[in-house]
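Structure, as structure tokens:
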Amino acid sequence: MSTLHGDLADIFMNSMPARRILQLGDPMLRAVSVPLPTRTEAAAIFEDLRDTLHDFRRAHGFGRGISAVQIGEPKRLIYIELEGHAYHLRNPEFESQSAEKFRLWDDCFSFPGLLVWLERSRHVRLRYEDERGAPAVLEASGAFSELLQHEMDHLDGVLAVDRALDRNSFCTREEWERRYARTAGAGS
């Protein structure tokens, strides 16, 4: 039997408010994130990342991944939801990135109205610790590879705008939808 007090407690405990996403120009986005030694601290930040990702997705209609630095926590944490699976990456590091590249329009929670034409490695392999603290390896290709590279860049203070192919490699979301949406996908 539930009580009003118990029901309200469940609502508040299971539905935390989303954190503010830092926007382009905030100097914290240029911070190099530090490794996170404890699983306990990571768990709380992963919850905030999940809630913030869901909130952003509801508001903007897109979003697959977010790094801790984007919510003001310069820690080496990435949260991704892709094809029904949640990835909790603690202290991720690249083991390899292919020399083979591909180009795409990339977007970002920190500048949702802007897309950047850039180049990424087609295949990556990284090692990390999962949400339980167990060592893990992740291999990815194509769009998933791009997403991992985008989020890993955030951990090193690098933004998609820094990877633009040239000065003509920027497009507002409105213009991108008008010109390119039918022929090319966006990144994050």
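The values are calculated or read from the model by the stated rules, or taken from the named source; none is laboratory data. Owing to the predicted nature of the structure, the values given are computational and were not obtained by experimental measurement. Counting neighbours? That spans all protein chains shown, and the Cβs are built from the backbone with ideal geometry, glycine included.
Take the stretch 88-102 and flag every residue that is more than 23 Å from Trp176 (Cα to Cα) and either crowded, with 18+ Cβ neighbours inside 10 Å or free of Cβ contacts under 8 Å to residues at least 24 places away in the same chain (or both).
So in the stretch 88-102, the residues more than 23 Å from Trp176 (Cα to Cα) come out as 88-100.
Across the stretch 88-102, the qualifying residues are His88, Leu89, Arg90, Asn91, Pro92, Gln97, Ala99, Glu100.
Within the stretch 114-149, the set of residues being touching a Lys or Arg at 6+ places or on another chain (Cβ under 8 Å), of a type outside the set (D, E, K, R) and not in a strand (DSSP E or B) comprises Gly133, Gly142, Ser145, Leu147, Gln149.
I'm trying to understand the selection: among the residues of the stretch 132-161, which are β-branched (Val, Ile, Thr) and either touching a residue at least 24 places away in the same chain (Cβ under 8 Å) or in contact with a Phe, Trp or Tyr (Cβ under 8 Å, 6 or more places away or on another chain) (or both)?
Here is the first cut: in the stretch 132-161, the residues β-branched (Val, Ile, Thr) are 137, 158, 161.
Answer for the stretch 132-161, where residues must be β-branched (Val, Ile, Thr) and either touching a residue at least 24 places away in the same chain (Cβ under 8 Å) or in contact with a Phe, Trp or Tyr (Cβ under 8 Å, 6 or more places away or on another chain) (or both): Val137, Val161.
Looking across the stretch 137-188 at every residue that is loosely packed, with under 13 Cβ neighbours inside 10 Å and basic (Lys, Arg), the one that is modelled with the highest pLDDT is identified as Arg167.
For the stretch 84-95, the count of residues that are modelled with pLDDT of 95 or more, within 30 Å of Glu174 (Cα to Cα) and touching a Leu at 6+ places or on another chain (Cβ under 6 Å) is zero.
Restricting the search to the stretch 151-175, which residues are of a type outside the set (Asp, Glu), under 16 Å from Glu93 (Cβ atoms) and assigned to a helix (DSSP H, G or I)? If the condition is that a residue be of a type outside the set (Asp, Glu), under 16 Å from Glu93 (Cβ atoms) and assigned to a helix (DSSP H, G or I), then Met152, His154, Leu155 are the ones that fit. Scan the stretch 61-75 and tell me whether some residue there is more than 22 Å from Phe111 (Cβ to Cβ) and within 13 Å of the chain's Cα centre (by Cα). Looking for residues that are more than 22 Å from Phe111 (Cβ to Cβ) and within 13 Å of the chain's Cα centre (by Cα), one finds none in the stretch 61-75, hence no.
Inspect all residues belonging to the stretch 125-132 and state whether any of them is touching a helix residue (DSSP H, G or I) at 6+ places or on another chain (Cβ under 9 Å) and modelled with pLDDT of 95 or more. Yes, the conditions are met somewhere in the stretch 125-132. Contact annotation: residue pairs with Cβ atoms under 6 Å, 6 or more positions apart or on different chains, pairing a residue in the stretch 58-72 that is more than 14 Å from Leu82 (Cα to Cα) and at pLDDT 95 or above with a partner that is assigned to a strand (DSSP E or B) and of a type outside the set (S, T, N, Q), are Ser67/Ile78; Ala68/Lys75; Ala68/Leu77.
Looking only at the stretch 139-156, residues that are over 14 Å from Ser67 (Cα atoms) and of a type in the set (A, V, I, L, M) come to 2 in all.
For the stretch 103-117, the criterion of being without any contact (Cβ under 8 Å) to a residue 40 or more places away in the chain, farther than 17 Å from Glu41 by Cβ, buried (at least 19 other Cβ atoms within 10 Å of the Cβ) and of a type in the set (Ser, Thr, Tyr) is met by none of the residues.
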